[in-house]
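As structure tokens, the structure follows; a few thoughts come after it.
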Amino acid sequence: MTCQWQTGLLVPQPCEAPAMGGCSLCGRSLCMMHTVSGPNGPACPNCANSNQGYEQNEETELESSRSSYYTQYGGAQYFTNRDRQSVEREEVEGYDEFET
Amino acid sequence: MKLNDLSPVARQAAEAQAIRGEWEYGAFDQLLKQLIAYDAAMDALIAFRLKWVVVAVILAFLGVFVGIIVIDNDEAATGSAMLVGGIVHLIVAIVLWRKAKKKNLPENALAMLQQLFRQVRKDLDPKATIRVNVDLSGPTQAKCGPKKELPANGFVSRYQYVYADPWCQLRLQLRDGYKLTLRQVDQLIELQRTKRKARGGYKTKTKYKKLCRLTATIVPPTPVEWAGQPKVDPTWERLRVAKKKGLDVAVLDRWFVYKEKFGRPIQNPSGADAVGMLYRLCSMRPAEAK
Ligand SMILES: [Zn+2]
Ligand SMILES: [Zn+2]
């Protein structure tokens, strides 16, 4: 059994470390690093954020910023052409060697 | 945290007011942490020295006032010592305060960098480094453009100065081979307006506005067909696709404006603002890349 938590923000990737237990709220299996303790038993960072009394750590902070970007800008399904009118094709001025 | 408590690398960056070169995430985060702590100590020192200047002004006034009385009472030596001492003390206080102010670092810029990299650290290619070219010296006199005279508009005169500060260039490589760059250019616009006072004489007022332009780009490892357009704010943002070395590079610009009632605005876009831009550029990747 491996950890089913997805890490990363821009390039989400499965953690895949050996699972030590599971989230008592959503059931996914978790490694030590992605287990957050709190009043309802061990939880994944997502469940820890949506339930009271869980400790905050790097993983829960990352998860809450990830969900705020998702809420603000949408996830994979927002690939529409709705904003196409604000898009124009042109050369980038001052695009220097540093950037490539 | 004083300059001597910093690691050699952080000390060098604090003295140069700049961060340059290739960095591992861990070392870069450590550096920012140290610079933020150093800046907090500097802010406290500047506040203390400013209070000292205020006290020195009062003492100098007293020195002049009492000194003249004492001189009048035929104690010329004591009187002039009081008079001169108060003024010299004031000059020393002002010099020390200005010296500390010059070494100050822009805490909002440091906080942005720290937050940005903490949020994307898991996405970085562990084998690649972060390329950094950051100037922390702020809108110094050297960055000020020529004085420009504006239409008077009822004033005696109106002059504008523009400080151009392209202070931030970052390049990072993601795990999936895509490269991201982020650039920030600040413009501090200073407006000096002089009007005639009712009882004669002139009065000059200075107003400031800060304009920040954040530019984020995503460079694919190989030619790609971008999957679609992310959400773009038509007022403050612009998304473009540019051809660069045979690759379609997506570029997202965002503008920020800050005003302050008194003095220069010191606000800066947050790390979340920057990550939000990178996040949207990354969402343009075709499905197989994600
Ligand atoms: Zn869970
Ligand atoms: Zn894990």
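The values are calculated or read from the model by the stated rules, or taken from the named source; none is laboratory data. Note that the structure is a prediction, hence the values are computed from the model and not measured. Cβ placement follows ideal geometry from the backbone for every residue including glycine, while neighbour counts extend to all protein chains displayed. In case anyone asks, the SASA skips ligands and DNA or RNA and just uses the protein heavy atoms, side chains included. Shrake-Rupley method; radii C 1.70, N 1.55, O 1.52, S 1.80 Å.
Checking the conditions here, which among A:L10, A:L25 is part of a loop (DSSP other than H, G, I, E, B), at the interface with another protein chain (Cβ under 9 Å from one of its Cβ atoms) and touching a strand residue (DSSP E or B) at 6+ places or on another chain (Cβ under 8 Å)? Quick ask: steps written out before the conclusion?
Numbers: A:L25 fails: at the interface with another protein chain (Cβ under 9 Å from one of its Cβ atoms).
So the residue among A:L10, A:L25 that is part of a loop (DSSP other than H, G, I, E, B), at the interface with another protein chain (Cβ under 9 Å from one of its Cβ atoms) and touching a strand residue (DSSP E or B) at 6+ places or on another chain (Cβ under 8 Å) is A:L10.
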Exercise. Collect the residues in the stretch B:202-239 that are closer than 27 Å to B:S270 by Cα, facing chain A (nearest Cβ under 7 Å) and in contact (Cβ under 8 Å) with a residue 60 or more places away in the chain, keeping them in residue-number order.
Key: B:T217
Exercise. Could you list, in sequence order, all residues of the stretch B:113-128 that are open to solvent by 50 Å² or more (accessible area, probe 1.4 Å) and away from chain A (no Cβ under 11 Å)?
Key: B:P126, B:K127
Quiz item: What is the residue count in the stretch A:42-54 for residues that are surrounded by 14 or more Cβ atoms within 10 Å (Cβ to Cβ) and either charged (D, E, K, R) or more than 10 Å from ligand 1 (Cβ to nearest atom) (or both)?
Solution: 1
Quiz item: Among the listed residues B:L150, B:L110, which satisfies the condition of being under 24 Å from B:L252 (Cα atoms) and away from every other protein chain (no Cβ under 14 Å)?
Solution: B:L110
Practice problem: Return the pairs, sorted by first residue and then second, in which the second residue is within 15 Å of ligand 2 (Cβ to nearest atom) and open to solvent by less than 60 Å² (accessible area, probe 1.4 Å), the first residue lies in the stretch A:41-68 and is at positive phi and at pLDDT 90 or above, the beta carbons are less than 9 Å apart, and the residues are 6+ apart or on different chains. | Solution: A:G41/A:C23
